[in-house]
Amino acid sequence: MPRKTIDLFLPGLLDRFIVGELTQPFVFGVLIFSMLLITGDVLFQIANLLIEGGVSLWTVTRLFLYKVPGVVVLTLPISCLMATLLGFGTLSMHGEINALRSLGVDFRRIVRPVFFASLGVAFLTLFLSETVVPLTDQAATNILQ
């Protein structure tokens, strides 16, 4: 197998470095955006259940956990975009993009790990929204009825 073909499938040091720069903003974005959406939507439903009375803490906890996958599916693409912007902004601010370009690294080579990581997030979002979210939404609807 030629060397170029092997390089496409094995992440190198540059790939791990760039993805590492994006990981922290991505996780932070998922957590923050999920908490904002959960606070805005789910907590009002839980408050209504508790005010109406007759609902156990276990039922409220189950409702909360059933609503989380639907919220995460909404926040994954937003977090991916935010991580890309913040990650490349940080790399640019520290002059690392200029250093890579001066070493002769092609821009497509710099963007490639971000593209594949974003593709992975897209497939994860598709998987969750097609398999997990319908099941958890149905379970949450059953609890609310």
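Taking the listed residues ILE97, ILE110, ILE143, the one that is touching a Ser or Thr at 6+ places or on another chain (Cβ under 7 Å) and surrounded by 15 or more Cβ atoms within 10 Å (Cβ to Cβ) is ILE143, with no other qualifying.
Residue-by-condition table, conditions (1) touching a Leu at 6+ places or on another chain (Cβ under 8 Å); (2) modelled with pLDDT of 95 or more:
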| position | (1), (2) |
| --- | --- |
| VAL60 | yes, no |
| MET82 | no, yes |
| GLY95 | no, no |
| ARG112 | no, no |
| PRO134 | no, yes |
| ALA140 | yes, no |
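Would you confirm whether or not segment 97-110 contains a residue that is under 30 Å from ALA140 (Cβ atoms) and out of contact with any Lys or Arg (no Cβ under 9 Å at 6 or more places or on another chain)? Looking for residues that are under 30 Å from ALA140 (Cβ atoms) and out of contact with any Lys or Arg (no Cβ under 9 Å at 6 or more places or on another chain), one finds none in segment 97-110, hence no.
Looking only at segment 23-43, decide whether some residue is assigned to a loop (DSSP other than H, G, I, E, B), modelled with pLDDT under 90 and of a type outside the set (Phe, Trp, Tyr). So far as segment 23-43 goes, no, none of its residues is assigned to a loop (DSSP other than H, G, I, E, B), modelled with pLDDT under 90 and of a type outside the set (Phe, Trp, Tyr).
For segment 63-71, does any single residue satisfy the condition of being within 22 Å of the chain's Cα centre (by Cα), part of a helix (DSSP H, G or I), basic (Lys, Arg) and more than 30 Å from THR141 (Cα to Cα)? The answer is no; no qualifying residue exists.
The values are calculated or read from the model by the stated rules, or taken from the named source; none is laboratory data. Computed from a predicted model, the values in this text were never measured in an experiment. A quick note on method: Cβ atoms are made from the backbone with ideal geometry, for glycine too, and the neighbour counts reach across all protein chains shown.
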